[in-house]
1. Scanning the range 3-55 for residues that are β-branched (Val, Ile, Thr) and open to solvent by less than 30 Å² (accessible area, probe 1.4 Å), which turns out farthest from Ser68 (Cα to Cα)?
2. Scan the range 56-85 residue by residue and report those that are of a type in the set (S, T, N, Q) and open to solvent by 40 Å² or more (accessible area, probe 1.4 Å).
3. Residue check, Leu205 against (1) open to solvent by 10 Å² or more (accessible area, probe 1.4 Å); (2) touching a residue at least 40 places away in the same chain (Cβ under 8 Å), all met but one. Which one?
4. Among all residue pairs at least 6 apart or on different chains, which show Cβ distances below 6 Å where the first residue, located in the range 435-450, is on the phi > 0 side of the Ramachandran plot and the second is open to solvent by 40 Å² or more (accessible area, probe 1.4 Å) and of a type outside the set (Gly, Ala, Ser)?
5. Hey, Glu270 hits all of (1) open to solvent by 20 Å² or more (accessible area, probe 1.4 Å); (2) modelled with pLDDT of 95 or more; (3) not small (Gly, Ala, Ser) but one; which does it fall short on?
6. I need the full set of residues from the range 489-504 which are of a type outside the set (Lys, Arg) and either open to solvent by 10 Å² or more (accessible area, probe 1.4 Å) or without any contact (Cβ under 8 Å) to a residue 24 or more places away in the chain (or both), in order please.
7. Among the residues of the range 506-519, is there at least one that is in contact with a Leu (Cβ under 8 Å, 6 or more places away or on another chain), surrounded by fewer than 22 Cβ atoms within 10 Å (Cβ to Cβ) and part of a helix (DSSP H, G or I)?
Amino acid sequence: MLIAEVAFPVPIHNTYHYLVPDALRGVAAGCRVRATFGPRLLTGTVLSVFDGEPGRPLKPLAAVVDASPVLSAEMLDTARWMSRRYGAAIGESARCLLPPFIRPVVPAPGAPGDPKRPSGVSLGTGGEGAAPAAPGDGTDAPFELTEGQKESVAALLERMRSRAHEVALLFGVPASGKTEVYLRLLREAVNGGGQALFMLPEISLTGPFFEEFRSRLGVPVALWHSRLGSRERSLAWSGLASGSVQVVVGARSSALLPFKDLRLVVVDEEQDESFKQESPPPYYHAREVVVQRARSHGALVVLGSATPSMETCQLALDGGARLLVMRERVLCKSTPTVSVCPKPAGELCISRALLDKLRERRERGEQSILLVNRRGFSTLVMCGKCGWVDRCVSCGVARIRHQEPDNGFLMRCHHCGRSSPVLTACAKCGNAALWVAGTGTQKVVAELKEAIPGVKALRMDRDTLKESAADRRILADFRAGRAEVLVGTKLVAKSFHFPSVTLVGVVDADTMMHMPDFRASERTMQLLLQVAGRSGRGDKPGEVLIQTSHPDLARLGASTFCDYEDFARRELAARRDLAYPPFSALI
């Protein structure tokens, strides 16, 4: 008898056996099938097909959905690995690897669906919001590589040409030219029809890299993230599976794409927490998934960062990853100076020292970036009499006060998105004297415009990026000089290149340090160094000013590679003493 092993997308850690009727004997592993599961008829994924004698009566398959497998043997092995690694049901792991334009969408618990933003891809022939670009000729950049770049390129090209799997940590200061190293590797990977995956932590970063790669590589390049349509997803998915698409630039979910001949994986800003899938299950980490998949393909993995995660640092120390260091900024750019100033007292969020420096940059025709760790206006509404805090009735977390263009102030939950008008009195004791505290991006922009009349400021956070291609418009306006200050959350600290930015201000670094998370110090250090790297990337020197009431942040304000090395050593020693990751695993 022919028997099919089937996994269903349900939170059950079992697979189920079904008889394959004669009419369905063409079914193979990786196909989707329909079968009765209790009282329901469900769609599952076939993990294997074999001849055998069942010890008890088996139900027959009802139908085969796919004429040929949609998941390759390598992808099925990945599903099994994800199930073991993340404690996930095998059916849920297989479901997340299915093409998103055919699999059912499972919304996050308690979160409304967003029909305007389906998962998707865009091909290098244009795509939504993409500017036209001429095919690239594969020429190198018009500048000489630094010694660090040359050594890194030589070592990685040698390993890639041997077609042996290896993980490498490209540890370079901001503006050290990691992108140019990536381009040299990508060019080698696509020679002879090979494929490469270039992963970024944020959707807003994918567009600029996509444009540069397709113009300089001269091969079919696909874009993959969660704001594109079904047609674009289908074209890129089929192109990757067939091998006609050679390079994909994508966010977290690109780790799950099909590849025919994968030779290179680059994970830029590998330390970013956005690579962790929070919902729905399986709760995978994209960095770990691509390392596992690259092992199956015999591909090279390059983890790039100026501030590597503690997990990757320890991996390099243990010999599990080759360490390549780039300490020199390209074109002899100087490292920005970093200073710390006291946080302003009272309700103000921008200190006089920072305002003075913002005025100086404006008068000189230079640009500035202000980093704020929270979107919205204020972060806490509390009763000064009984201690009541305005919390979401559904999620139990404190709600954030937002300023809406048409509706005035609203209270919004950042977990589920529900909002309601601001209360004028305490819901518990009726006290009308409510205490409003905390700083968000909206409040900083409002205070900035009041303190510097006529200043042109743009805001970049998840609220301003709700519209399609909003990130491209904001970045294009700022890069073109149509704004003098860019105010944003950690999105502005990513791998953007703004030559006119000479000042970066961190408005409130304390909130990051005091988060109840054993990774709080690591994430604070990473964010400060990342945003510091946005300053002084042009011909003029850069400066970073950190507002804080925490004296320990003075040492975290440093922006040199050596200081991060020292920080990593001390942080890893503390983690080892407490048996925290990477010296243990948490689930």
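The values are calculated or read from the model by the stated rules, or taken from the named source; none is laboratory data. Here the structure is a predicted model, which means the values were calculated and not measured. Reconstructed Cβ throughout: ideal geometry from the backbone, glycine too, with neighbour counts over all protein chains shown. Only protein heavy atoms, including side chains, enter the accessible area calculation; ligands, DNA and RNA are left aside. Shrake-Rupley method; radii C 1.70, N 1.55, O 1.52, S 1.80 Å.
1. Val10
2. Within the range 56-85, Ser68, Ser72 meet the criteria.
3. (1)
4. Close Cβ pairs (under 6 Å, with a partner that is open to solvent by 40 Å² or more (accessible area, probe 1.4 Å) and of a type outside the set (Gly, Ala, Ser)) amount to Gly438/Leu380.
5. (1)
6. Hits for the range 489-504 are Thr489, Ser495, His497, Pro499, Ser500.
7. So far as the range 506-519 goes, yes, one or more of its residues are in contact with a Leu (Cβ under 8 Å, 6 or more places away or on another chain), surrounded by fewer than 22 Cβ atoms within 10 Å (Cβ to Cβ) and part of a helix (DSSP H, G or I).
Rundown of residues vs (1) of a type in the set (Ser, Thr, Tyr); (2) touching an Asp or Glu at 6+ places or on another chain (Cβ under 6 Å); (3) more than 24 Å from Ala532 (Cβ to Cβ), yes/no style:
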residue: Ile350; (1), (2), (3): no, yes, no
residue: Leu354; (1), (2), (3): no, no, no
residue: Arg359; (1), (2), (3): no, no, no
residue: Phe377; (1), (2), (3): no, no, yes
residue: Cys383; (1), (2), (3): no, no, yes
residue: Trp388; (1), (2), (3): no, no, yes
residue: Arg391; (1), (2), (3): no, no, yes
